[in-house]
1. Give the residues of region 207-219 that are on the phi < 0 side of the Ramachandran plot and at pLDDT 90 or above, sorted by residue number.
2. Within the set of pairs 6+ apart or on separate chains, which have a first residue in region 30-59 that is farther than 28 Å from Leu132 by Cβ and assigned to a loop (DSSP other than H, G, I, E, B), a second that is modelled with pLDDT of 75 or more and open to solvent by 30 Å² or more (accessible area, probe 1.4 Å), and C-beta atoms under 9 Å apart?
3. For Leu77, only one of the following conditions fails: (1) open to solvent by less than 60 Å² (accessible area, probe 1.4 Å); (2) within 21 Å of Pro187 (Cα to Cα); (3) not basic (Lys, Arg). What is its number?
4. Go over the candidates Leu20, Leu13, Leu86 one by one and state the one that is among the aliphatic types (A, V, I, L, M), surrounded by 15 or more Cβ atoms within 10 Å (Cβ to Cβ) and modelled with pLDDT of 85 or more.
5. Just give me the residues in region 111-135 being open to solvent by 60 Å² or more (accessible area, probe 1.4 Å), within 16 Å of Ile226 (Cα to Cα) and not in a helix (DSSP H, G or I), in sequence order.
Amino acid sequence: MYDAEGNLDKDHLVEAYAPLVKRIAYHLMAKLPASVDVDDLIQNGMMGLLDAINRYEDGLGAQFETYAVQRVRGAMLDGLRDSDWLPRSLRRDLRRIEDAVHRLEQQNGRQPTETELAAALDLPLTEYQRLLQEARGYQLVHFEDFTDGEGEDYFERHLGVHETNPADLLEDADLRANLILAIDDLPEREKLVMALYYDEELNLREIGEVLGVTESRVCQLHSQAIARLRARVLGQHGAAPAARRGRPPKKPAAGQ
């Protein structure tokens with residue numbers, strides 16, 4: 001991967017890791033609506049790969065492929081956020097679901113059932129499940145929001161940083177711990193869906209075969225699990241679940 005002068009061979013890296021970009025794009029496509037163009041994901045991913053190559057030259061000190069995957073996937077997700085492909089009406093409905101989850105959990109001291117959530121939203125159960133089905137892809141983009149309040153993940157913000165604020169590290173550790181607890185508190189079927197989806201990397205159809213349900217039903221369970229997690233974690237941290245873009249603003253100097 002290096003040229004005769006000991007520098008990273010960028011052209012070689014781009015050629016070698018282009019298949020990785022395509023693999024990540026098609027993996028994400030399995031979780032997104034058909035309206036999303038895979039070529040757009042690949043194009044954004046290639047930009048992320050180039051960014052990874054340039055940043056890696058700065059001495060970030062990590063295995064390149066590990067870092068490249070983070071940058072490529074992040075570039076694809078940023079592209080999805082910027083395209084604002086999810087209708088505002090559906091975003092509004094999904095916020096309502098999260099609010100209902102949080103409200104009922106606080107009220108009853110347990111995770112609400114689907115029937116209770118539908119009743120709280122004044123919707124027939126079938127209509128509530130239709131909303132969950134339409135949310136396919138929403139959970140993918142915004143699941144990344146758990147990692148940070150300003151659009152960068154833990155890996156990116158702390159890799160190679162020599163003077164990290166200890167308070168920030170404690171906050172990250174606390175957020176991670178609360179997310180783990182929230183996942184553990186999910187209803188058993190939703191917990192299993194999350195484990196098969198993220199740990200075993202099965203697609204929705206394969207998970208449906210394991211559970212003996214349809215792919216649509218798996219999608220509903222996954223969307224509902226994400227709504228529960230966002231309501232629990234973001235509620236605990238007092239964070240607004242609004243979409244975010246761009247880099248975090250620079251902190252003002254002391255005394256400003």
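The values are calculated or read from the model by the stated rules, or taken from the named source; none is laboratory data. It should be emphasised that the depicted structure is a prediction, and the values quoted were computed from it without experimental measurement. Every residue, glycine as well, gets a Cβ built from its backbone with ideal geometry; the counts of neighbours run over all protein chains shown. To get the accessible areas, we keep the full protein, side chains included, count just its heavy atoms, and leave off ligands, DNA and RNA. Shrake-Rupley method; radii C 1.70, N 1.55, O 1.52, S 1.80 Å.
1. Ile207, Gly208, Glu209, Val210, Leu211, Val213, Thr214, Arg217, Val218 - these are the residues of region 207-219 that are on the phi < 0 side of the Ramachandran plot and at pLDDT 90 or above.
2. Filtered contacts from region 30-59: Glu57/Lys10.
3. With (1) open to solvent by less than 60 Å² (accessible area, probe 1.4 Å); (2) within 21 Å of Pro187 (Cα to Cα); (3) not basic (Lys, Arg) applied to Leu77, the lone miss is (2).
4. Result: Leu20 is the single residue among Leu20, Leu13, Leu86 that is among the aliphatic types (A, V, I, L, M), surrounded by 15 or more Cβ atoms within 10 Å (Cβ to Cβ) and modelled with pLDDT of 85 or more.
5. Thr113
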